[in-house]
Amino acid sequence: MTGILKEFQKFAVKGNVMDLAVGVIIGSAFGRIVDSMVKDVIMPFINFILGGSVDFSNKFVVLRLPEGYAGPMTYADLNAAGAILFAWGNFLTILLNFIILAFVVFMMVKALNKARARFEQEEKSAPAEPKATPEDIVLLREIRDALAGRSVASAVPPAPVTPSSMPPTL
């Protein structure tokens, strides 16, 4: 049993799983934002354009009523009573939510791709910084310069020897 727990712990704390969890949480919050946008912004605008109160979520066709049903003919009441309903309005609302969500995601991806392309273009146009010289090359250059300095010193001819410059012999 502890082997399974250890394996699950390794799986659960991987970076990809945590990224996925964050994505799911943000996605669910984003879904609620889209639902609110459809319900509170787009549908009132459509109602204004059509000149009435159009509520797609309450549009349905009754396929079969429960026997002896005499209650209100609203979607919620009929559904609670067990009626068989073809709820095309609710489907239309969810479809509208999906289209808006897909469009928003498309615009976000498009903006991200544009920013990425601009960043890559700036990287290509920026002058490349010279790479640091490796240590072995620097050391070889120092050795070369030291040897060149020694050969320059040996290339200078020695002072001429004259009898007066010679030390006295005994």
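Throughout, read-outs are computed from the coordinates displayed, never taken from laboratory work. Just so you know, these numbers come straight off a predicted model, no measurement behind them. Cβ atoms come from the backbone with ideal geometry, glycine included; neighbour counts cover every protein chain shown.
Residue exposure proxy: 61, 104, 38, ordered by other Cβ atoms within 10 angstrom of their Cβ from fewest to most, comes out as 61, 104, 38. Taking Cα centroids, how far is the stretch 1-33 from the stretch 66-91 in Å? That distance is 39 Å. The mean sequence distance of close C-alpha pairs (under 8 Å, at least 6 residues apart), as a share of the length of the stretch 11-126, puts its relative contact order at 23 percent.
In this structure, the amide hydrogen of residue 85, modeled 1.01 Å from its nitrogen in the peptide plane, lies closer than 5 angstrom to those of 63, counting only residues at least 5 positions away or on a different chain. Bridgeable lysines around residue 114 (alpha carbons under 19 Å apart, same-chain partners fewer than 8 residues away excluded): 124. Sorted fewest first by neighbouring Cβ atoms within 10 angstrom, 98, 8, 56 come out as 8, 98, 56. Among rounded, prolate and oblate, which fits the stretch 1-65 when a ≥ b ≥ c are the square roots of the eigenvalues of its C-alpha gyration tensor, a/c under 1.5 means rounded, and a/b larger than b/c means prolate? In terms of gyration-tensor shape, oblate.
Counting only residues at least eight positions apart within a chain, or on another chain, the lysines with an alpha carbon under 25 Å from that of residue 39 are 59.
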